[in-house]
Amino acid sequence: QVQLVESGGGLVQAGGSLRLSCAASGITFSIEGIGWYRQAPGRQRELVAIIFNGGNTVYAGSAKGRFTISRDNAENTVYLQMNSLKSDDTATYYCHAINSPYWGRGTQVTVSS
């Protein structure tokens, strides 16, 4: 089993930055990669970025050039650095172990315009 715990959300003004963290524990060797997803009220959950075990990354179009996903293997933590935040980035952000049923509980990001 894998446990994922997000942190780092908060309230920020448009144009500001936040860094989200996803701490993984449990049977982490089984994880193929970690993805960040987000869900705004009334909208479907959508992919933000993924980092695979080999280091490859994938970004949604809305995240390219503004967000950076990275990881610290020693700490079993994946980060999402978010810059130039917009009001459209307001959502609950979740981390997810790829190809597994494991999700974190989410962290709220609110961007004020």
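The values are calculated or read from the model by the stated rules, or taken from the named source; none is laboratory data. Note that the structure is a prediction, hence the values are computed from the model and not measured. Glycine gets a Cβ as well: all are built from the backbone with ideal geometry, and neighbour counts include every protein chain shown. Heavy atoms of the whole protein, side chains included, go into the accessibility calculation; ligands, DNA and RNA do not. Shrake-Rupley method; radii C 1.70, N 1.55, O 1.52, S 1.80 Å.
Taking H as built 1.01 Å from N, whose amide H comes closer than 5 Å to the amide H of T90, not counting residues under 5 places away?
Amide H neighbours of T90, under 5 Å, 5+ apart: V111.
Could you list which residues have their amide H under 5 Å from that of G106, counting only those 5 or more apart in sequence or on another chain, with H placed in the peptide plane?
E6, C95
Apply the Karplus curve 6.51 cos²θ - 1.76 cosθ + 1.60, θ = phi - 60°, to the phi angles in the stretch 72-78 and return the couplings in whole Hz, x for Gly and Pro.
10, 4, 5, 9, 6, 10, 10
Semi-axes of the equivalent ellipsoid of the chain: what are they in whole Å, largest first, if each equals the square root of 5 times a C-alpha gyration tensor eigenvalue?
Gyration-tensor ellipsoid for the chain: 23, 14, 13 Å.
With a cut-off of at most 14 other beta carbons within 10 Å, and DSSP calling the residue loop, which GluC sites (Glu not before Pro) in the stretch 1-110 qualify? Please list them. Mind dumping the intermediate values first?
Values: sites: E6, E32, E46, E75; in loops: E32.
Within the stretch 1-110, the qualifying GluC sites (Glu not before Pro) (loop, at most 14 other Cβ atoms within 10 Å) are E32.
So, with a 1.4 angstrom probe, what is the percent of accessible area on the chain that is carbon and sulfur?
So the carbon and sulfur contribution to the accessible surface is 45 percent.
Please list the non-local residues whose amide H lies under 5 Å from the amide H of G16, H modeled 1.01 Å from N, same-chain partners needing a gap of 5 or more.
Amide H to amide H, under 5 Å and 5 or more residues apart or across chains, G16 pairs with L85.
Give me a comma-separated list of calculated 3J(HN,Hα) values for the stretch 45-58, in order, Karplus coefficients 6.51, -1.76, 1.60 applied at θ = phi - 60°, integers in Hz, x for any Gly or Pro.
Those phi angles translate into 5, 10, 6, 10, 6, 10, 10, 8, 4, x, x, 5, 10, 9 Hz.
Under unit Cβ charges (Lys, Arg +1; Asp, Glu -1), what dipole magnitude, rounded to 20 debye, does the chain have relative to its Cα centre?
Charge dipole of the chain: 240 debye, to the nearest 20.
Just the accessible area per residue of the chain, please: how many Å² with a 1.4 Å probe? Provide the component values of the computation, followed by the final result.
Working: 6060 Å² over 113 residues.
About 54 Å² of surface per residue is accessible.
In the chain, if the dipole is taken from +1 on Lys/Arg beta carbons and -1 on Asp/Glu beta carbons about the Cα centre, which of N73, C95, Q39 is farthest to the positive end?
So the residue furthest toward the plus end is Q39.
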